[in-house]
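Worksheet: one structure, shown below.
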Amino acid sequence: MVNYDYSLDFGDKLLAFLRFVFKNHAEFRHNCLGLYAKFSPLWGGEICENEKLRKTIVFPNGSLPINLRSPMVLAAGANKNGKNINAYANLGFGGITVGTATRSFRAGNPLRPRVGLDEFNRLIHNSMGLNNDGIEKISLRVEGQIAKARKNNFAVGISIAETPGEEEHNRILHLIEAFRIAYRTADYVEANVSCPNTGECRQDLDTAFMKNVFENFENYRKTAVHKKAIYAKLSPDLTDKQLLSLLDLLASLSVDGVILGNTYPSDKLFYHLPVLNSNGSSGGISGRPLYENTFRKTILAKKHFPQLSVVACGGIDHGLKVRDLLSEGADFVQIYSVVAFRWMAAMKMGREILCPSNS
C-alpha cells in the first residue's frame, strides 16, 4: 500500500487561504460547495465525459446496473438535501450520494461549531447530527433531476438513516419508511447504520437490528417493479472479526454491497481535537489519516466476499489511490473531505488515473 501524496498548486494554495479566512465559518465553507460546483466551468470544470473513466457496476443478483461517468462518487454529507445535483458533474465526479436523509426534518446538533478541521493532518471532524430536510422533500428534488443525471451517466444514490432520539421500534419503522421513499427515486439506496455523530448507539454491531431492517428492505424490493442496489454503510472501526461476521449476515440478506466506511469515531483515534457536542465528543473523523484502514478493509472484504460490491471511502485524495483500490476489487470510491484541500480534486484525480506517469 502506498499513501500517495500530491504537491500544492495555485488552486490548492487558494483553497488554503480561503480556509484561513473562513476558519470560524466551517459550515459556510461547506454550503459554498454547491456554488463552487455550479460555476466550476468558469475555472476548469466541464461536463464532458472521458470514456476511459466510465464505470458500470453490474450485480450478480440482477439489481439494475449503476452507470458512473467516473469511479469517484461524491459521498453523502456533501449535498444533504438534493439541490442542484447535476452541477456536481462539473467537478469530475461520476455520481453523487445525496443525504443522509431521515424520515422527517432534522435541525441536527444545536451546538456551534459542529465542524472542525486539522490542517496538518488534512482531516475534518464533524458532529452535524444528521441535519436534513427529510426524505420526502429530498426525494422529490432528486426525482425532478435524476432523468438529466442518468442521461449524463451521473448516478444518484440516496443515503438514509434512522431517526435519532426515538424508541427502537419507531427508529426501525422510520428507517423502513425512509428506505421505501428513497428506493422509488434513487439509482441505489445507501443505509447509514454507523453514524457516530448523533449521540445514539450505532446499529451496525446490533445483529438483531441489522437483520430486521435489511430483511424488511429486501421484502419491499421483491414487490418493486425494478430491483435496485442496496448498500450498507459501515463504520471503519470494526475489527476484522466483526466486519467479516457482519458481511456474512448482509450477504445472507441479499444486500448488494457495503460502503467501507463512514467517518471514524474520534474517541478511538489519537487526535486532540476540539469537542463539538454536548456528549464531549469531537464527532467523526474523515480525511487523509483513514486511507490505510480503508485500503486494508477493502482487501479483506473482497477476499472473503467477492460477490459483494465494495465501495471504498476514507482518506482517498489521489488518483493513484483510486487506481489501487479498484485493482483490489473496489467497484468505485466515495470522496468528500479532499475537496476542502484540493482545488478541483476529482478532476485532478481523474487525470492521475489516466496519466499515472505524470502524477
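Partners of K23 within straight-line reach, counting aspartates and glutamates whose Cα lies under 20 Å from its Cα and excluding those fewer than 8 residues away in the same chain: D12, D118, E119. Amide H to amide H distances under 5 Å link V98 with G157, I158, S159, where only residues 5 or more positions off or on other chains count and H is placed in the peptide plane.
Secondary structure note: in the chain, about 30% of the DSSP beta bridges are antiparallel.
Compare the peptides 218-224, 247-253 by average per-residue count of other Cβ atoms within 10 angstrom and give them in order, highest first. Each step should come with its number before you reach the end.
Details: 218-224: 12.0, 247-253: 16.7.
With the highest mean Cβ count within 10 Å placed first, the list reads 247-253, 218-224.
For the chain, with all protein chains in place and a probe radius of 1.4 Å, 54% of the accessible heavy-atom surface sits on carbon or sulfur. Every helix of 4 or more DSSP H residues in the chain counts as -39500 (n - 2.57), and over all residues that averages to -10500 deg cm²/dmol at 222 nm.
Over 29 Å apart at the Cα level, from the set K80/K297; K137/K303; K222/K348; K13/K297, are K137/K303; K222/K348; K13/K297.
Here's how it looks for L64: its modeled amide H is under 5 Å from those of K227, K228, A229, which are all 5 or more places away or on a different chain. Positive end of the dipole of the chain (Cβ unit charges, origin at the Cα centre): among S40, N216, A101, the Cα lying farthest that way belongs to S40. When +1 charges are put on Lys and Arg Cβ atoms and -1 charges on Asp and Glu Cβ atoms, the dipole computed for the range 241-359 relative to its Cα centre reaches about 220 debye. The protection proxy used here, the mean number of other Cβ atoms lying within 10 Å of each residue, ranks peptides 225-231, 309-315, 352-358 as follows, highest first: 309-315, 225-231, 352-358.
The dipole here belongs to the range 108-193: it is taken about the Cα centre, uses +1 on the Cβ of Lys and Arg and -1 on the Cβ of Asp and Glu, and is about 480 debye. Applying the criteria of a DSSP loop state and at most 15 other Cβ atoms within 10 Å to the trypsin sites (Lys or Arg not before Pro) of the range 60-114 yields K83.
Just the number please: accessible area per residue for the chain, 1.4 Å probe, all protein chains included, in Å².
Accessible area per residue: 43 Å².
The packing ranking of peptides 13-26, 292-305, highest mean first, is 292-305, 13-26, where packing means the average number of other beta carbon atoms within 10 angstrom of each residue. DSSP finds beta bridges in the range 253-359, and of those with both partners inside it, around 20 percent are antiparallel.
For the range 1-108, GluC sites (Glu not before Pro) are listed when DSSP marks them as loop and at most 12 other Cβ atoms sit within 10 Å of their Cβ; the list is E46. Annotation: aspartates and glutamates with alpha-carbon distance below 17 angstrom to K148 (same-chain offsets under eight excluded): E46, E49, D187. In the range 133-225, with Lys and Arg counted as +1 and Asp and Glu as -1 at Cβ, which of these residues, S159, C195, T207, has the Cα nearest the positive end of the dipole, that is, farthest along it? Of S159, C195, T207, it is S159.
The values are calculated or read from the model by the stated rules, or taken from the named source; none is laboratory data. All values reported here derive from a predicted model rather than from experimental measurement. In this analysis, Cβ positions are derived from the backbone assuming ideal geometry, glycine residues included, and neighbour counts consider all displayed protein chains. SASA here: full protein model, heavy atoms, side chains in, ligands and nucleic acids out. Shrake-Rupley method; radii C 1.70, N 1.55, O 1.52, S 1.80 Å.
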